[in-house]
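Taking it in order: structure first as structure tokens, then the write-up.
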Amino acid sequence: MIKIALCTDTYYMMACGPCVVSIFEHHRKVPCHIYVITKALPQVDVEGLEEIATRYGGLLTVKVIEPEIVQGLKVSDRFRESIYYRFLLPDLFPDEEKMLYMDCDILVNDSLQELWKTDIEGYACAVWWRIRRLMT
């Protein structure tokens, strides 16, 4: 099962929904569990994400962090508090050996299996970068 973490807040929910759809759309035969990390989301947004997961037969967990964890960190209009949530992943999921982190404004246009199968034994993290531009 591919495990994917997305970090968001209400500001990025308009991007997070399509990201979740694109992940499930390209993994119809490969089970994925998406973890959405947030400080707070309106219930309607949580239900919307859960509805997408149900429609695709995927797993989705919304993990709410304690506000105090990120209190006092430097933020701006461009760099919102949610950019720090990714650094909490090892503490939030200590039993997970591996998890993909993706910015929630990414659209997946192919399978993530190759990335998931990459051996990162002995490394704390790895970065994989591939952009495919759509020609109009």
Report task. Pull up segment 89-120, narrow it to residues that are without any contact (Cβ under 8 Å) to a residue 24 or more places away in the chain and part of a loop (DSSP other than H, G, I, E, B), then point me to the one that is surrounded by the fewest Cβ atoms within 10 Å (Cβ to Cβ). Result -> 95
Query - Pairs, first over 19 Å from residue 115 (Cβ atoms) in segment 6-30, second part of a helix (DSSP H, G or I) and acidic (Asp, Glu), C-beta under 9 Å, six or more apart - result: 8/45; 9/81; 10/45; 13/45; 16/45; 17/45
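Where a number appears in this text, it was derived from the coordinates with a stated rule and is not lab data. Since we're looking at a predicted model, the values are computed, not measured. Methodologically, a virtual Cβ is constructed for each residue, glycine included, from the backbone with ideal geometry; neighbour enumeration extends over all protein chains shown.
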